[in-house]
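Scroll down for the structure; my scribbles are underneath it.
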Amino acid sequence: MRSTRKTAGQARTVTAIRTVTAIRTVTAIRTAALAAAGIVLVAGCGGSGQQGEKAAGRAGHPSATPATGLTRIPGVGERLQSRIPADSRQVIAVYGDGRNDTSSTVVLYTKGEKGGADNKAAKAAKGGSDTNGSGGSTWSRDRSWQGHNGKRGWTLDHHEGDKRSPVGVYSLSDAGGVLPDPGAKLPYTATAAFTPPSYWAKKTRHDFDYVIAIDYNRAKGVSPLDPARPEGQSKGGSIWLHMDHGSGTSGCVSIPKSGMRYLLRTLDPAQHPVVVMGDKADLKT
């Protein structure tokens, strides 16, 4: 009888040990997975973890222009205007306050519907016709938001870790985030791997709930988390549109959550969306 009790007790002990070991193993695996996600995101948004800093003043507004019937993107000079693809019908313009400022005004311009209707009406009044017969040839200002750019401002020669946002025109091909797909037209990758590392500033915890990859030094057609750098690591990468935390970023452009949801539901690969971004002075050149 004693032998039987001893054997049963030993069995329970072995079972308990195995259970604890299994729990510790699962916990270790989960911890490693989160750590791996953190490693990926340390290289996100311009090349390093965002710690945040005070915003450098209120974002300025683009030059006063009509809301519709625009023949070009306001405030953008010929150098960058010429780089906007002819077939693009959605343009996000990011107007930075200054070369070393962190605040920006982000505006979505569309060609078609509003612009197209206005264009057709104007043509009809003059006895003419629409120039392309498929939605108009002029731009309309759709929505605008106050946001932020790199915590050290802007640069014409972005490199890894400079905390500046690159000036230029870039396509928008892929999206993702921690949160489920809100109805995005761009390919959307939903994964907890977008979660910032726990040692980042608390206010940045939701930065990557929604993300739209800016095609600066990245492969198109893959998750924004993809680490590939076609032009080399030193040129930086992981430049994204993402949710705003109230101050400068490590190189990305940030806007409020409502703006990100709107863009995700509006930007359409069939409309060849691009972003033209920079400080106001460089945009005009």
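Every residue, every condition in (1) modelled with pLDDT under 95; (2) among the hydrophobic types (A, V, I, L, M, F, W, C); (3) buried (at least 21 other Cβ atoms within 10 Å of the Cβ); (4) within 27 Å of residue 265 (Cβ to Cβ), yes or no:
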position: 66; (1), (2), (3), (4): yes, no, no, yes
position: 74; (1), (2), (3), (4): no, no, no, yes
position: 78; (1), (2), (3), (4): no, no, no, no
position: 83; (1), (2), (3), (4): no, no, no, yes
position: 109; (1), (2), (3), (4): no, no, yes, yes
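If you go through the stretch 203-214 and keep only what is of a type outside the set (Phe, Trp, Tyr), crowded, with 22+ Cβ neighbours inside 10 Å and closer than 13 Å to residue 260 by Cα, you end up with 207, 211, 212, 213. So, of the residues in the stretch 152-202 that are part of a loop (DSSP other than H, G, I, E, B) and touching a Ser or Thr at 6+ places or on another chain (Cβ under 6 Å), which turns out to be surrounded by the most Cβ atoms within 10 Å (Cβ to Cβ)? Within the stretch 152-202, the match that is surrounded by the most Cβ atoms within 10 Å (Cβ to Cβ) is 164.
A single entry from 118, 181, 130 fulfils the requirement of being of a type outside the set (S, T, N, Q) and at pLDDT 95 or above: 181. In the stretch 275-282 there is at least one residue matching the filter, namely being at negative phi, more than 12 Å from the chain's Cα centre (by Cα), buried (at least 19 other Cβ atoms within 10 Å of the Cβ) and aliphatic (A, V, I, L, M).
The values are calculated or read from the model by the stated rules, or taken from the named source; none is laboratory data. Since this is a predicted model, take the numbers as computed values, not measurements. Quick reminder, even Gly has a Cβ in these numbers, built from the backbone with ideal geometry, and neighbours come from all protein chains shown.
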